[in-house]
Amino acid sequence: MQPQVGIQEVRARLANARAVTVLTGAGISADSGVPTFRGADGLWRNFRAEDLATPEAFARDPRLVWEWYNWRREIIVTKKPNPAHYALVILERRCERFWLITQNVDGLHRAAGSRKLSEIHGNIWKVRCTACGQIAENRDVPIALLPACPACSGLLRPHIVWFGESLDAEDLSRSYEAVESCEVMLIIGTSGVVYPAASFAPAAKAAGAFVAEITLDPAPYSETLDASLQGRAKDILPALVE
Ligand code: OAD
């Protein structure tokens, strides 16, 4: 059974918390018009994210993977932060200790003004050289299909953490520190199936935090949370922080 705690209780908990940690997924950007990964509009030429966001897919056909990222770049470049992104900026400014962990690579949290954040899956506007490892910002839309490193001419790849790859160690330790030391944790718009992000809600709960999610479809761990608010992030989040 889903937890019965309602929006008023979550709002009161947030208002009284000194330490708040937030995890976001594709659902928060869905309200800006960015397709989610597991929703029907997230499919590109019938490939699932798991078929393209892997080092094996890139090794086999880098052009195809770059074509997919170009499709995503072309969509994201036209999108703006929505009221849910801005509500998190307000929360960051009013909280004594705040940390935002996002699985989103679209950069919309930073565009909204969030500063205390880890983009644990990377950023679609950054590239990394497969030869020399140099990381650079690249906002070309479209980007060349086999882009070359300006330093060494090696093949550039998206600076994104793919399936089967490890998260940056500093991002990971900072995230766990924030998850395990917060009083309130919000989980927003994530299906909760991709690890290690999927372990953050249970970890916060185990450490004694009040954990609430905002989503359209409950995650596998929803029943164990203190509150599961079903609806759009852009409607619920502003109501939680106003
Ligand atoms: P998913 O597409 O798996 O899940 C999106 C979640 O957002 C679902 O639970 C929806 O119910 C919910 N949702 C949709 N619209 C919403 C709205 N307007 N308000 C609130 N919730 C809404 O996306 P993620 O969980 O983010 O990795 O996916 C996790 C990772 O898998 C991604 O970071 C990506 C992907 O492969 C990489 O790119 C490395």
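The values are calculated or read from the model by the stated rules, or taken from the named source; none is laboratory data. Small disclaimer: the values here were computed from a predicted structure and weren't measured. Note that we place each Cβ from the backbone using ideal geometry, even for glycine, and neighbour counts take in every protein chain shown. Ligands, DNA and RNA are stripped out before the accessible areas are found, and what is left, the full protein with its side chains, is counted by its heavy atoms. Shrake-Rupley method; radii C 1.70, N 1.55, O 1.52, S 1.80 Å.
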Descending packing, highest mean Cβ count within 10 Å first, for 132-144, 29-41, 181-193 is 181-193, 29-41, 132-144
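Given R₀ = 22 Å, what would the calculated FRET efficiency be for A19 paired with S199, taking r from the Cβ atoms and rounding to 0.05?
Values: r = 19 Å, r/R0 = 0.87.
Efficiency, from the Cβ-Cβ distance: 0.70.
Report the relative contact order of the range 183-236, percent, no decimals, based on alpha-carbon pairs under 8 angstrom and at least 6 residues apart.
On the way: 88 pairs, mean separation 20.4, N = 54.
This gives 38 percent for the range 183-236.
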Per the rule of 0.36 nm per residue minus the C-alpha distance, extending I75 to R174 adds in nm 32.6 nm
Neighbours of L240 by Cβ distance under 13 Å: Lys/Arg at +1, Asp/Glu at -1, summed charge +1
Which of R157, R45, R110 fluctuates most in a GNM of the chain (C-alpha springs under 10 Å)? That residue is R45
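Provide the FRET efficiency to the nearest 0.05 for the F47-E223 pair, computing r from the beta carbons and using R0 = 30 Å. Display every interim value, and only then the final one.
Details: r = 32 Å, r/R0 = 1.07.
According to the calculation, E is roughly 0.40.
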With -39,500 (n - 2.57) per DSSP H segment of 4 or more residues and division by the full residue count of the chain, the 222 nm estimate, nearest 500 deg cm²/dmol, is -10000 deg cm²/dmol
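Just the number please: accessible area per residue for the chain, 1.4 Å probe, all protein chains included, in Å². It would help to have the intermediate numbers written out before the result.
Numbers: 11070 Å² over 242 residues.
Heavy-atom SASA per residue in the chain reads 46 Å².
So between L146 and Q4, what do we pick up on full extension, going 0.36 nm a residue minus the alpha carbon distance? Walk me through the numbers before you get to the answer.
Values: separation 142, 0.36 × 142 = 51.12 nm, distance 5.11 nm.
Stretched out fully, the L146 to Q4 stretch lengthens by 46.0 nm.
Around L117, with a cut-off of 11 angstrom between Cβ atoms, what is the net charge of the other residues, counting Lys and Arg +1 and Asp and Glu -1? Can you show the working numbers first?
On the way: positive: R110, R115, K116, R174; negative: E92, E119, D171.
Residues near L117 contribute +1 overall.
Quick check on packing: order 211-220, 89-98 by the mean number of other C-beta atoms within 10 Å, highest mean leading. Mind showing how you got there, number by number?
Details: 211-220: 20.5, 89-98: 16.2.
Top of the packing list down: 211-220, 89-98.
Contact order normalised by length for the range 87-242, with contacts defined as Cα pairs under 8 Å and 6 or more residues apart; what percent is it?
On the way: 233 pairs, mean separation 25.8, N = 156.
The normalised contact order for the range 87-242 reaches 17 percent.
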For the chain, the longest principal axis of the Cα atoms and the Cα long axis of helix 62-76 enclose an angle in degrees, to the nearest 10, of 50
